[in-house]
Amino acid sequence: MRDVELASNQIAQRFANEEYSIPPSRLSDIETKGIIPNIFRLYSFAAIYRREYRELLSFYGLELDGISTDVGFAQPQKSHLSEASSNITQVRIPTKLDPGFSLQKTTDMKRAIQQWGTVPMAYLELFADDRYSYGYIGSEDFTMHPILPPGSFVQVDQARNKVEEGTWRSEFERPIYFVELRDGFACCWCSKKGESIVLQPHPLSPAAVRVLKYPQEAEILGQVVGVAMRLGGWQYLDSQATPTVRSTLTSDAPEQLKKGA
């Protein structure tokens, strides 16, 4: 216990923070009375006993690999880049599929998966690609509704950071971009007009078209190439937004689209 105290005092001196220090009385309380050490003393324990910090957290029921399950409980209002899964070291993935599984047919994946397994993230490094980042569509962001409802997670290809011009056969073919602004982020269609960039929402969205200086006021981080979303479960937070969208969905839709154009 004296050795632990001396070593922890040196760590505390290096950080100029007494919270790292572990006196014998506190060590005894932790061992015999179930006292939970603070995050600084856990660091000292990890260094002194040559243990992985995450392992010490697991002693108290804190598993960082499960954080991806809990991110959905919070619903941030603004869109942003997501880094919640950056500390995950293990992931559960399907390790055995039904031999009859076919990519050509619509399938109930729950029935197609015969076995799940826990795989270290290091084994998945082969599939890693630094050009992708991930964004979250805020609970108040209806810019691309109903294609991308609030609460969606999007995969962004950072290599595709230039606005594509062209004629699109449908709204699903037109590229959607994740854009960084001075005061946050936007996920929308884009077009260039001289030295400006036009951030265009979906016609059914209550959001307004924005014209900003490019790249001083808006920078394209990349093109959205993947999305994970829930259908339903959200609601309009702005009472003024509902009539706008409803009117677009009713008989005056052509007139609304003309105004939007």
Inset, instruction - Please give, to one decimal in nm, the separation of the simple spin-label points placed at Glu217 and Val71, each 7 Å out from Cα toward the Cβ. - result: 3.1
Inset, instruction - Could you please state, rounded to a whole Å, how far the C-alpha centre of the stretch 145-200 is from the C-alpha centre of the stretch 1-35? - result: 52
Inset, instruction - Please compute the Cα-Cα pair-distance distribution of the stretch 130-217 with 5 Å bins starting at 0, giving whole percents from short to long. - result: 3, 13, 25, 27, 22, 9, 1
Legend entry - From phi via Karplus (6.51, -1.76, 1.60), per-residue ³J(HN,Hα) for the stretch 184-192 in Hz, x at Gly/Pro: x, 9, 9, 10, 6, 6, 9, 8, 9
Inset, instruction - Please report Ser21, Ser28 as a ranked list, fewest other C-beta atoms within 10 angstrom at the top and most at the bottom. - result: Ser28, Ser21
Inset, instruction - Using amide H atoms built 1.01 Å from N in the peptide plane, name the residues 5+ places from Tyr132, or on other chains, whose amide H lies under 5 Å from its own. - result: Gln158
Inset, instruction - May I ask you to list the chymotrypsin sites (Phe, Trp or Tyr not before Pro) in the stretch 139-202 that are in a DSSP loop and have at most 14 other Cβ atoms within 10 Å of their Cβ? - result: Trp168, Phe172
Legend entry - Built amide H within the under 5 Å cut-off of His145, gap 5+: His202
Legend entry - Spin-label model distance (nm) - Asp130 vs Lys96, 7 Å beyond Cα toward Cβ: 3.8
Inset, instruction - Would you mind checking which residues have amide H under 5 Å from Leu97's amide H? H placed 1.01 Å from N; only 5 or more apart, or other chain. - result: Gln114
Legend entry - Residue exposure sequence - Arg169, Arg41, Arg160 - by fewest surrounding Cβ within 10 Å: Arg169, Arg160, Arg41
Legend entry - Estimated inter-spin distance, Val225 and Gln155, nm [label 7 Å along Cα→Cβ]: 0.8
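No value in this document is a laboratory result; all are computed from the given coordinates. Not measured: the values here are computed from a predicted model. Neighbour counts are summed over all protein chains in view; Cβ atoms, including those assigned to glycine, are modelled from backbone coordinates with ideal geometry.
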